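Before any comments, here is the structure.
The values are calculated or read from the model by the stated rules, or taken from the named source; none is laboratory data. Computed from a predicted model, the values in this text were never measured in an experiment. Cβ atoms come from the backbone with ideal geometry, glycine included; neighbour counts cover every protein chain shown. Note: accessible area is taken over every heavy atom of the protein model, side chains too, but ligands, DNA and RNA are not part of it. Shrake-Rupley method; radii C 1.70, N 1.55, O 1.52, S 1.80 Å.
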Amino acid sequence: MMVWKRIHLAALMKIATWNINSIRRRLPLLLDWLSQHQPDVMCLQETKVQDNDFPAMALLAAGYHCCYRGAKSYNGVATLTRREPESVFHGFHEGPDSEDVRVLEIVIGGVPVVNTYVPQGYRIETEKYAFKLEWFGRVRRYFEQRLDPSKPAIWTGDMNVAPEPLDVYHPDRRVNDVDFHIDARRAYAEAAGWGFVDVFRKLHPDRLQYTYWDYFRNALENNFGWRIDHIMATKPLAERCRAAEVDMEPRRAAGASDHTVVWAEFDWP
């Protein structure tokens, strides 16, 4: 019995995602969370740092391999893993206009983990919002070309969409917001409909829980928030999801990002 238990625990995989809103500014918070929770995979968005300034050595000293692509002051994605990934792919495709500062795929234990920072969209009447809607079409085509819905895969990150009224405060007042407008929600649902399941909502169908609170109007204290950071799994892997939670402590910390950490634990294939 004890041998079986050790084998079972070794097969658990903890995946976390966090829009860190500047990795250099929040590095102490990140190192502290990694030390306390020891995720197997940590996906970060809005790292806001050029590659040559990425704090890879500090993270390597903490026990994590680093895959990243960024730009000065905006965007940027990074995926940290406790063991070296089997493969790494940046962007939607090779070459220019690949969105490599928004899309990063690694394969760990034979399972693809796609880390994305979806465009925010600015305002619904702008070209930036049209770009956001088209972006979801691009990520859907990416899934069709690179993944298989009948096999384990993860899609995670800051999706910049609150999928349902339960996922945003005062939803009746947010209908023209780029993260809750019906067109953004439909575009996101179409991308996820390729074969992904929201594991937090699967395990907690009725829980009011947000992942983002801005820095104004005492938003955190008043719980004026949004659930826009998600961990999605294909059905074969979603069925193996043992836990999915939102850790509020990183948002409450001094010098916090305006997002907090979402994590899920799986029986890994």
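Things to note:
- Calculated on C-alpha atoms, the gyration radius of the chain divided by its Kirkwood radius gives an Rg/Rh of 0.94.
- The Rg/Rh ratio of the stretch 32-95, with Rg taken over Cα atoms and Rh as the Kirkwood radius over Cα pairs, comes to 0.97.
- Average accessible surface area per residue within the stretch 3-115, 1.4 Å rolling probe, Å²: 45 Å²
- Percent RCO, i.e. relative contact order, over the chain, from Cα pairs under 8 Å lying at least 6 residues apart: 19 percent
- When the Cα gyration tensor is reduced to axis lengths a ≥ b ≥ c, the ratio a/c is 1.5 or higher for the stretch 26-154, and with a/b not above b/c it is classed as oblate.
- A Förster distance of 22 Å, applied to the separation of the beta-carbon atoms of Glu144 and Gln120, puts the FRET efficiency at 0.35.
- Scaling the Cα radius of gyration of the stretch 149-269 by the globular reference 2.2 N^0.38 Å produces a ratio of 1.07.
- Over 25 Å (Cα to Cα) - which of Lys48/Lys128; Lys14/Lys151; Lys128/Lys235 fall in this group: Lys128/Lys235
- Largest first, the residues Arg201, Arg227 sort by 1.4 Å accessible area into Arg201, Arg227.
- Anisotropy class of the stretch 113-170 from Cα gyration tensor, a/c 1.5 cut: oblate
- Equivalent-ellipsoid semi-axes for the stretch 193-239 (Cα gyration tensor, √(5λ), whole Å, largest first): 28, 11, 6.
- Each pair of Cα atoms in the stretch 150-213 enters the Kirkwood radius, and Stokes-Einstein at 25 °C and 0.890 mPa s then converts it into a translational diffusion coefficient of 192 µm²/s.
- Descending by average beta-carbon neighbour count within 10 Å, the peptides 217-226, 30-39, 178-187 line up as 178-187, 30-39, 217-226, the highest first.
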